[in-house]
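Peer 1: Have a look at this one.
What follows draws every value from the coordinates through simple rules; no lab data is involved. These numbers come from a predicted model, not from an experiment. Counting neighbours? That spans all protein chains shown, and the Cβs are built from the backbone with ideal geometry, glycine included.
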Amino acid sequence: MQNFIKKLLGRKDPEPIVIPFDTLPVWLSEREKSARTQLISRTEDPVKKIRDAMANLQNIVNTIAKAEHDPEIHPKLKSIAKNSLPLFVKAMNSSLVRELPEDIENFYPAAVESLKSCLNSTRGQGRYLQIVFPEEMKVVRTGIDTIGREINGITAALTDYRKEKTLVDNILNLYNAFVDINIDMGKAADKDQRIIARMMEISDRIEAIEKEEQTLPVDEGMAEAAGLESALKETETRRDTMARTYAALSMTASHVFRKAEKIAIKQKHPAEISILRHTMELLSDHEIPDSKELHDTLAVACPVAERMIASGEIQLKNKEERAIFSDTRQFSLDICRSCTDLITGNETCRIALEKLASHPLRVRAKSLEREKSQLEIMLKKEQHARTELEEWKNKTNERVPALRDELQKNVEKLAGGSVQIRIDK
């Protein structure tokens, strides 16, 4: 008893079958060949018996076609036999002469179809012949039963083969999935390295630009650029003062001319309406008007407004309006001079701005700024691409444990025991 327990407790589990991962396709191919060989071996005898049974059935049916029925049977049965026999023989021969392929997977459905047709013929026209030809029809049924029994044997063999074939296909699909993941991971690693290299190249260039930008303020030419910038600001300040002066004069005058226009419309004086509108268009246009055109227009518009002011139709509301229309000749000179000064001021600013913008240091600074901005956009795109790639790698790696477990389970099921799938580095 003690020896038995000792042997029992000392018994070791069988060593698992070791299958290198890379050899799985070969192993699966051998398993499929073995299953195919076993299928052929198991179905060889049933196939022969089915072929023999069908040939024998043909002989029996052809014998029935020539047989004499019992002369003492009822006349009605004679008539039924006479009508049914040719149809039965034709139907049975049609079922039995069908070609049965050599390949077992094609042989099986053809044999099943032939069997069904024979059964339908026996249950159809054949049922009327059982009384007239009882012995012969009994032999027919025996032959059909033989075919059915042998087909059942093939069914079991095919079922086992197809289960194994399905298992082999599933394992091969899992193997290919692992291979694809490995290939994709390799490509992803290469892509990641290319992204990293581009990011380093971009970052190095940005760093170089920033270092160069730090040297620009202490460059010898910066004093000259600063002087140009200061001159531009002074010019712009003078120009802006001129613009405010012109805007104040034009807005004040336009306000009075607008009142005059309303009165002219009310009084139905189209010529005055046209003069006043044209004057307001010149004064309110965002483009600075030609000083001569403005002078000529004011020369005809101001008298209209002055007449309405003198008649009390227009009331001047503030000192600015009174200053303008107390001496319209001076106003015209002032605003036309302001136009000329503003045009000159704008041109002076443009020239100063172009001179500053074309200074080598400013050109270089702008060029570096644009390049840096573009590089920063490129760097963000590369960072985003790397983030997306990392997310894909994580999601792909999450699939691996389930695939590995399914592969292990299916291989063990096919092998019929414990299996160790070895991955060689």
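Peer 1: Tally Lys/Arg at +1 and Asp/Glu at -1 over every other residue whose Cβ is under 9 Å from the Cβ of residue 205; what's the total?
Peer 2: In short, -3.
Peer 1: Just how large is the dipole of the range 111-243 about the Cα centre, in debye to the nearest 20, putting +1 at every Lys and Arg Cβ and -1 at every Asp and Glu Cβ? It would help to have the intermediate numbers written out before the result.
Peer 2: Values: 18 positive and 25 negative charges, 428 e Å.
Dipole size: approximately 2060 debye.
Peer 1: Could you work out the local net charge near residue 261, counting Lys and Arg as +1, Asp and Glu as -1, over the other residues with Cβ closer than 14 Å to its Cβ? Can you show the working numbers first?
Peer 2: Numbers: positive: 258, 259, 262, 266, 268, 277, 307; negative: 272, 281, 313.
Local net charge: +4.
Peer 1: Hey, how much of the P(r) for the range 22-181 falls beyond 26 Å, as a percent of Cα pairs?
Peer 2: 45
Peer 1: I would also like to ask the following. To the nearest 20 Debye, how big is the dipole of the chain about its Cα centre, given +1 on the beta carbon of each Lys and Arg and -1 on that of each Asp and Glu?
Peer 2: Charge dipole of the chain: 2360 debye, to the nearest 20.
Peer 1: Counting Lys and Arg as +1 and Asp and Glu as -1, what is the net charge of the other residues whose Cβ lies under 12 Å from the Cβ of residue 150?
Peer 2: On the way: positive: 42, 48, 49, 51, 149; negative: 44, 45, 52, 145.
Result for the local shell: +1.
Peer 1: Quick one: what are the phi-derived ³J(HN,Hα) couplings along the range 50-63, Karplus 6.51/-1.76/1.60 with θ = phi - 60°, whole Hz, x for glycine and proline?
Peer 2: Values, residue by residue: 5, 4, 5, 5, 5, 5, 5, 4, 4, 4, 5, 4, 5, 5 Hz.
Peer 1: Got a sec? Charge dipole of the chain, +1 on Cβ for Lys and Arg, -1 for Asp and Glu; which of 137, 318, 159 is way out at the positive end?
Peer 2: My answer, from the dipole projection, is 137.
Peer 1: While we're looking at this one, here's another question. Mean separation of Cα pairs under 8 Å and 6+ residues apart, divided by the residue count of the chain: what relative contact order is that in percent?
Peer 2: Once normalised by length, the contact order is 25 percent.
Peer 1: Separate question: Which percent of Cα-Cα pairs in the range 225-358 sits in each 5 Å bin, short to long?
Peer 2: Pair shares across the bins are 2, 10, 19, 19, 15, 11, 8, 6, 5, 3, 2, 1, 0.
Peer 1: Give me, ordered by chain and number, the residues 5 or more places off residue 420 or on other chains with an amide H under 5 Å from its own placed amide H.
Peer 2: So residue 420 has HN proximity to 17, 18, 19.
Peer 1: Cα-based count: Lys pairs in the range 22-181 below 17 Å, eight or more positions apart or different chains?
Peer 2: Pairs that pass both the separation and distance tests number 8.
Peer 1: I've got another one for you. Within the range 352-375, name every residue whose backbone N is under 11 Å away from a label modeled 7 Å from Cα of residue 205 along the Cβ vector.
Peer 2: 371-375
Peer 1: Among 24, 298, 232, which one moves the most in a GNM of the chain with springs linking Cα atoms closer than 10 Å?
Peer 2: In the Gaussian network model the winner is 298.
Peer 1: OK, next. Could you work out how far apart the two model spin labels at residue 351 and residue 98 are, taking each label as a point 7 Å from the Cα in the direction of the beta carbon, and quote it in nm?
Peer 2: Output for this residue pair reads 10.6 nm.
Peer 1: Given the Cα atoms of the chain, and with Rh set as the inverse mean 1/r over their pairs in the Kirkwood sense, what is Rg to Rh to two decimals?
Peer 2: 1.54
Peer 1: Which residue fluctuates most in the GNM of the chain (Cα springs below 10 Å): 343, 64, 265?
Peer 2: Most flexible of the set in this elastic network: 265.
Peer 1: Nearest 0.05, what FRET efficiency do residue 287 and residue 187 give at R0 = 56 Å with Cβ-Cβ as r?
Peer 2: 0.35
Peer 1: Go ahead and set up a Gaussian network model of the chain, Cα springs under 10 Å, then flag whichever of 287, 376, 212 fluctuates most.
Peer 2: Comparing 287, 376, 212 in the GNM, the peak value goes to 287.
Peer 1: Need the C-alpha centroid separation for the range 160-211 versus the range 342-396, integer Å.
Peer 2: 35
Peer 1: Highest mean first, what order results for 196-209, 171-184 on Cβ atoms within 10 Å? Numbers along the way, then the final one.
Peer 2: Details: 196-209: 13.7, 171-184: 15.2.
Ranked from most to least packed, the peptides come out as 171-184, 196-209.
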